[in-house]
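Report on the following structure.
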Amino acid sequence: TSISLTATGGVTYSWSDGTSMVSSIADLNVTTPGTYTVTVTGANGCSDTTDIVITQNTTLPTPGITNNTGATELTCDETSISLTATGGVTYSWSDGTSMVSSIADLNVTTPGTYTVTVTGANGCSDTTDIVITQNTTLPTPGITNNTGATELTCDETSISLTATGGVTYSWSDGITTVSPIADLNITTPGTYTVTVTGANGCSDTTDIVITQNTTLPTPGIT
């Protein structure tokens, strides 16, 4: 932000920025761009001049964030999001509380607003940010009993169930998967558990107990 100059070759000196005198000594601290001319006077009173051009580059970088994952929401399926900062030569990521990365790449596993400070080759910096949300809400698993009975009998030889509350379903009888869809037709007693998965990849379970009564009557003739 400042450039230090020292004139040489004489006994007295006078610096000018082209408009006014800015220093009457050999040393000059420049904070503004322009052409600086120094008049150097020797011991014999003779003078001559030389100058130097000071330019300025305070152009801010163009900060950018490339979302490598292509998602801004953390879910049970998408547990991390990969980001890469662009537009500078050095980078510093912050989550609003502390610095979380000092390089261009950042792997996000926690929701929040992530701000990257991008610094260009001229030392000037600018920032940009990205908001990462989270949806890990569990689905609400349900079982609709289409038959309306939970006991298999000689009259009720099968019970129809339909799982609800998600987008994908998996039924198990406690040993194996018995159906990869919402609908299940039961002909054997047992505890049937359905795993319900929502659109965000999060899962929860519920179950139903199906009993059986196929005891034969005791026939008699009086």
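The values are calculated or read from the model by the stated rules, or taken from the named source; none is laboratory data. Everything quoted here is computed from the prediction, not taken from an experiment. Quick reminder, even Gly has a Cβ in these numbers, built from the backbone with ideal geometry, and neighbours come from all protein chains shown. These accessible areas exclude ligands, DNA and RNA; they are computed on the full protein's heavy atoms, side chains included. Shrake-Rupley method; radii C 1.70, N 1.55, O 1.52, S 1.80 Å.
As a test question: what accessible area, to the nearest 10 Å², does S101 have when a 1.4 Å probe is rolled over all protein chains in place?
That residue has around 20 Å² of solvent-accessible surface.
Around D105, which amide H atoms from residues at least 5 apart in sequence, or from another chain, sit under 5 Å from its own amide H, with H modelled in the peptide plane?
Correct list: A85.
Could you state, as a whole-number percent, how many of the C-alpha pairs of the range 109-171 are farther apart than 21 Å?
61 percent
If you roll a 1.4 Å probe over the heavy atoms of the protein chains, what accessible area per residue do you get for the range 123-183, in Å²?
I get 56 Å² per residue for this part.
Explain nothing, just compute: Karplus ³J(HN,Hα) = 6.51 cos²θ - 1.76 cosθ + 1.60, θ = phi - 60°, for every residue of the range 179-194 in order, whole Hz, x for Gly and Pro.
Per residue, the Karplus-derived 3J(HN,Hα) values read 6, x, 10, 5, 8, 9, 10, 9, 10, 10, x, x, 9, 10, 10, 10 Hz.
Excluding T187 itself, calculate the net charge of residues whose Cβ lies under 13 Å from the Cβ of T187, where each Lys or Arg counts +1 and each Asp or Glu counts -1.
-3
Taking the Cα atoms of the range 109-218, report the difference between the largest and smallest coordinate on each principal axis, in whole Å and largest first.
In descending order, the Cα extents are 98, 24, 16 Å.
Using modelled amide H (1.01 Å from N, peptide plane; none on Pro or chain starts), what sits under 5 Å from the amide H of D183, excluding residues fewer than 5 places away?
Counting only residues 5 or more places away or on other chains, the set is A163.
Out of residues 5 or more away from I65 or on other chains, whose amide H comes under 5 Å of its own, with H placed 1.01 Å from N in the peptide plane?
T86
For the range 14-158, give the magnitude of the charge dipole about the Cα centre (Cβ charges: +1 Lys/Arg, -1 Asp/Glu; no others), in debye to the nearest 20.
The calculation lands at about 640 debye.
Just the C-alpha atoms of the chain: what Rg/Rh do they give, with Rh taken as the Kirkwood radius?
We get a ratio of 1.56 for the chain.
Please work out the C-alpha center-to-center distance from the range 73-89 to the range 14-46 and express it in whole Å.
54 Å
Find which of Y169, L138, T150 sits farthest along the positive direction of the dipole of the range 73-181, computed with +1 on the beta-carbon of Lys and Arg, -1 on that of Asp and Glu, about the Cα centre.
Value: L138.
Using only the alpha carbons of the range 86-137, determine the length spanned along each of the three principal axes and report them from longest to shortest in whole angstroms.
Cα spread of the range 86-137 along its principal axes, largest to smallest: 46, 19, 15 Å.
So what is the orientation-averaged projected area of the range 1-81, using the convex hull of its C-alpha atoms, in nm²?
8.6 nm²
Gaussian network model of the chain, Cα springs within a sub-10 Å range: biggest mean-square fluctuation belongs to which of V100, V38, V108?
Result for the chain, Cα springs under 10 Å: V38 fluctuates most.
In Å and on Cα atoms, what radius of gyration and Dmax does the range 163-222 show?
16.9, 67
If you take the charge dipole of the chain about its Cα centre, with +1 on Lys and Arg Cβ and -1 on Asp and Glu Cβ, which of T218, I159, T119 is farthest toward its positive end?
The listed residue farthest towards the positive side: T119.
Given a 1.4 Å probe and every protein chain left where it sits, what share in percent of the accessible area of the range 41-139 is carbon and sulfur?
47 percent
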